[in-house]
1. Condition first: over 12 Å from residue B:58 (Cα atoms), assigned to a strand (DSSP E or B) and at pLDDT 85 or above. Now tell me which residues in the range B:1-23 satisfy that.
2. State all residues of the range B:249-274 that are assigned to a helix (DSSP H, G or I), farther than 26 Å from residue A:208 by Cα and more than 7 Å from chain A (Cβ to nearest Cβ); if no residue qualifies, say none.
3. How many residues, within the range B:153-188, are in contact (Cβ under 8 Å) with a residue 40 or more places away in the chain and either surrounded by fewer than 20 Cβ atoms within 10 Å (Cβ to Cβ) or away from every other protein chain (no Cβ under 14 Å) (or both)?
4. Quick one: count up the residues across the range A:48-78 that are touching a residue at least 12 places away in the same chain (Cβ under 8 Å), part of a helix (DSSP H, G or I) and surrounded by fewer than 16 Cβ atoms within 10 Å (Cβ to Cβ).
5. Is it the case that some residue within the range A:276-288 is at pLDDT 90 or above, assigned to a helix (DSSP H, G or I) and facing chain B (nearest Cβ under 10 Å)?
6. Among the residues of the range A:214-272 satisfying the criterion of being within 8 Å of chain B (Cβ to nearest Cβ) and part of a loop (DSSP other than H, G, I, E, B), which is nearest to residue A:283 (Cα to Cα)?
7. If you take the residues in the range B:229-248 that are closer than 12 Å to residue B:206 by Cβ and in a helix (DSSP H, G or I), which one is nearest to the other protein chains (Cβ to nearest Cβ)?
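The values are calculated or read from the model by the stated rules, or taken from the named source; none is laboratory data. On a predicted model such as this, the values are computed, not experimentally measured, just so you know. Neighbour counts are summed over all protein chains in view; Cβ atoms, including those assigned to glycine, are modelled from backbone coordinates with ideal geometry.
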């Protein structure tokens, strides 16, 4: 059973003149990390809202096709039920934090499931520890930094013990190191808990190297999916949908235009540096020593 | 535009030994001294919570220093009202929703210039120019808060541009925008800079900094830890790292290849490709 299974899903908002999702089919395996890339208006957030039933239960729109999360048809299960399977973290953490303290924020979800007190306390402790906010239990969310708020929103999702996390542009307000920390946290959850991860971004720069698979989205459709290396090997496909290719891809393209090679096969900084060093050393006729 | 400070014209904005603490006791700035010259294109960068927004709010009088002085056009800002300061220093908030309050985009953008006392026709002209610079003319009749984050962002920047201040301080103006929209925004800002406006860009997007700003002010824990030309700033990765920042991938790659004679002072992908191609050619 897949974590997510979408078949020919179309969504249209009231008064819209086109479908926001247009016959989308997508499978995400358990424990898989998918990076969904697209420009504003591509339909990324709409897709996210399907994964815990906010569409169709809360956001009014017409829905065609079938969406299942962990085998549950989202049209037939409540958001409350689906939230125990899928935790969603939105772009602006402020919009989803509303309690007086970090601890209350994280306890809110499980309290609403009427779980017993000790279990809630244990979950809060675990969730705050996992995101590195233990010790901030009593702080009002408004006093936290942008990065801490984002991690608190993740902790609030984690306290429901979901099997899948969906993050809609989670890094937009984070500084570059905060972004790497966030992705590393997700990588850790994936490794330790086989967490399925769906991350939505408009930019592949830091995110691509963490994903198992990239899906490109444009005008309500998924136009391409593939392993990061395959998808990034065609920077024009990214440009075509309004997503800037990572700088390393642009570099490899620009170098190829200038000197006719080499075709760089890597997407991480270390690996690209190694490939170029090897080529430059070979030209120089000396052996390269990698640090 | 490269600024050319002259003897008779001092910095357009300056801070002298400024400390600032918020009411809850948080010490946001420690002894910050800096000069901003007319026509500069500056990036104000630093990790979350490093004091960037506090500097922005001090420059236009929304906050007043706990100690030290803020000078705007040579005058002590403490003696000026926010309204008077906003003629010189315009500030677009990090969260556009803190700034938007009118019922239509047109009213929102017109509010500033009208409030500054521009005659109706002049105010409309300034508002229209700002709307077109931000490419949001088509949203004129919409309610600002009904728009997407990216469009709200552009409305907030337009409402500051409409006031025609000499210094534009933009707090994370590209958040919520996709790559195409961000490029368009930066083109508009570069255009204003060419016309002589001073731009202070607060951002986490190191790529925008590398490609657009001439000077970088790096903040960490309430201190300015680096103040230099952009090209030089990115050749100091340690100072940047302490501030939660990482140079764009192209610049990091240049550093890793510097043993081969690739200059670590590149800023863009094209400059890097050119450098590597040179080394490549030299080795054939």
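1. If the condition is that a residue be over 12 Å from residue B:58 (Cα atoms), assigned to a strand (DSSP E or B) and at pLDDT 85 or above, then B:17 is the only one that fits.
2. First, the residues of the range B:249-274 that are assigned to a helix (DSSP H, G or I): B:249-256, B:258-260, B:269-274.
The next check asks that each one be farther than 26 Å from residue A:208 by Cα; those that pass are B:259-260.
Within the range B:249-274, B:259 is the sole residue that qualifies.
3. 18
4. Total meeting the criteria: 1.
5. Yes: one or more hits.
6. Across the range A:214-272, the extreme among qualifying residues is A:246.
7. B:241
One line per residue, one yes/no per condition, for (1) in contact with a helix residue (DSSP H, G or I) (Cβ under 7 Å, 6 or more places away or on another chain); (2) within 11 Å of chain B (Cβ to nearest Cβ):
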site: A:126; (1), (2): no, no
site: A:130; (1), (2): yes, no
site: A:134; (1), (2): yes, no
site: A:152; (1), (2): yes, no
site: A:173; (1), (2): yes, yes
site: A:187; (1), (2): yes, no
site: A:190; (1), (2): no, no
